[in-house]
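Engineer: The structure that follows is given in the form of C-alpha cells.
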Amino acid sequence: MLSIWWNQEGVIFYEVMKLSETITADRCRQQMIKLDRFVKDKRPQYDERHDKVILQHNNARPHVAKTVQETLQVLN
C-alpha cells in the first residue's frame, strides 16, 4: 500500500507499507507527525507565512480517531 501526501507543488511525503499492513489510528498519527516535519523541510514558506495546511480525508476510523485529532490540534 502506498500512503502519499501532496499539494499543488508536488509530493511532500510518502510511505510504502507492507502488503499485510493497514492504516491504523497510530499509523495515521505517526504519518501526521512525519508530514508536519516534511512540510516544514520541503515547504518552509508555509511556516514563514503562517499558512495553514488543509487536510482532506474521508472520515475513515483512523482519520477521526481521538489520538489523531489530538495530534492535529498539537501540530496546529
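The values are calculated or read from the model by the stated rules, or taken from the named source; none is laboratory data. Quick caveat: nothing in here was measured; it's all calculated off a predicted structure. Note: ideal-geometry Cβ built from the backbone for every residue, glycine included; neighbour counts use all protein chains shown. Ligands, DNA and RNA are stripped out before the accessible areas are found, and what is left, the full protein with its side chains, is counted by its heavy atoms. Shrake-Rupley method; radii C 1.70, N 1.55, O 1.52, S 1.80 Å.
Engineer: Determine, yes or no, whether PHE38 is part of a helix (DSSP H, G or I) and open to solvent by less than 70 Å² (accessible area, probe 1.4 Å).
Structural biologist: Against the criterion (part of a helix (DSSP H, G or I) and open to solvent by less than 70 Å² (accessible area, probe 1.4 Å)), PHE38 qualifies.
Engineer: Another question, if that's okay. Among the residues of the stretch 1-50, write down those that are at pLDDT below 85 and touching a Lys or Arg at 6+ places or on another chain (Cβ under 6 Å).
Structural biologist: Once the filter is applied, which keeps residues that are at pLDDT below 85 and touching a Lys or Arg at 6+ places or on another chain (Cβ under 6 Å), the stretch 1-50 yields only ASP47.
Engineer: Checking TRP6 against (1) in contact (Cβ under 8 Å) with a residue 12 or more places away in the chain; (2) open to solvent by 80 Å² or more (accessible area, probe 1.4 Å); (3) farther than 22 Å from THR67 by Cα; (4) touching a strand residue (DSSP E or B) at 6+ places or on another chain (Cβ under 8 Å), only one condition comes out false. Which one?
Structural biologist: (1)
Engineer: Here is a follow-up. Going by the structure shown, is GLU48 surrounded by 10 or more Cβ atoms within 10 Å (Cβ to Cβ) and more than 14 Å from the chain's Cα centre (by Cα)?
Structural biologist: no
Engineer: Under 6 Å between Cβ atoms, which residue pairs at least 6 apart in sequence (or on different chains) link something in the stretch 22-36 that is over 16 Å from LEU75 (Cβ atoms) with a partner that is buried (at least 16 other Cβ atoms within 10 Å of the Cβ)?
Structural biologist: Pairs found: ILE23/PRO62; THR24/PRO62.
Engineer: Is it fair to say THR67 is modelled with pLDDT of 90 or more, among the hydroxyl-bearing types (Ser, Thr, Tyr) and more than 12 Å from the chain's Cα centre (by Cα)?
Structural biologist: Taking the combined requirement at face value, the residue satisfies it.
Engineer: Being open to solvent by 70 Å² or more (accessible area, probe 1.4 Å) and either part of a helix (DSSP H, G or I) or aliphatic (A, V, I, L, M) (or both) is the filter; apply it to the stretch 12-32 and report the residue that is farthest from HIS57 (Cα to Cα).
Structural biologist: LEU19
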